[in-house]
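Have a look at the structure below, then the notes.
The values are calculated or read from the model by the stated rules, or taken from the named source; none is laboratory data. Fair warning: this is a prediction, and the values are worked out from it, not measured in the lab. All Cβ positions, even for glycine, are placed from backbone atoms using ideal geometry, and neighbour counts span all protein chains on display. The protein model used for the area step is the full one, side chains on, heavy atoms only, and it has no ligands, DNA or RNA in it. Shrake-Rupley method; radii C 1.70, N 1.55, O 1.52, S 1.80 Å.
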Amino acid sequence: MTRAKATKPNQEALADILRALSAGFLYPDAAWLVRARRLLSEGSLLDARVDKIRILLETVSREELEIEHVRLFGSAELVSLGLATHLSENPFEQAKQAAQIAGFFKAFGVEIKEGMRPDDLPAILEFLGYLWLKVFNARQKNWKDKEETARSAALALARDFVSPALSAMAAKMKDLRAHEFYLKLAEISKEVSDAALR
């Protein structure tokens, strides 16, 4: 039985999609698999893009993903999960961009999880989802200023940092012949990030 597809998810569904995509980039231990499956099966995720990730997750072993995660994102860091490294080759520029991203978190009173950099992709995708949830909640309460503040921040973060970094990251992953799960995860994360910019 096929689930109905939402052509343009509302901000609440968009937040759930971003949270699920964020989880996809975390280290795939046993607890990760349970959480990823739960996030991908939530009722609001009626989206063809999420179906692709859900199907891929059902057709690959966790051990296979664990090996690939270590190869791509592990200590050798063939592909960095830090978005600033994909935005510039200059380390000073990278530090500046990471600080700008950290400013978004600080402006909304959000603390970055211990052990994560401010430009870590999982943290940014989850934060982007949080911003869209704030847009949704403000709209429900008719708080126009708060809605516009959260929307402007979400759009600026996606446009200036997430989208261009994910383009570079996906290209690098293709060159490295990354596992289809991680390739699709990067491509779909970019699609979802870009969707609100149109």
remark   = Quick count over the stretch 18-39, residues being within 15 Å of the chain's Cα centre (by Cα) and part of a helix (DSSP H, G or I), is 9
task = Scan the stretch 71-97 residue by residue and report those that are part of a loop (DSSP other than H, G, I, E, B) and touching a Lys or Arg at 6+ places or on another chain (Cβ under 6 Å).
result = 79
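Residue-wise test of (1) at pLDDT 90 or above; (2) open to solvent by 50 Å² or more (accessible area, probe 1.4 Å); (3) charged (D, E, K, R).
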residue: 127; (1), (2), (3): yes, no, no
residue: 140; (1), (2), (3): yes, yes, no
residue: 147; (1), (2), (3): yes, no, yes
residue: 158; (1), (2), (3): yes, no, no
residue: 194; (1), (2), (3): no, no, yes
ask   = Of the residues 114, 64, 68, which single one is at negative phi and either among the polar types (S, T, N, Q) or free of Cβ contacts under 8 Å to residues at least 12 places away in the same chain (or both)?
value = 114
remark   = From the option list 133, 166, single residue qualifying as over 20 Å from residue 100 (Cα atoms), in contact with a Leu (Cβ under 9 Å, 6 or more places away or on another chain) and part of a helix (DSSP H, G or I) is 133
query = If a residue has to be under 18 Å from residue 189 (Cβ atoms) and either open to solvent by 80 Å² or more (accessible area, probe 1.4 Å) or in a helix (DSSP H, G or I) (or both) to count, how many in the stretch 98-123 make the cut?
reply = 6
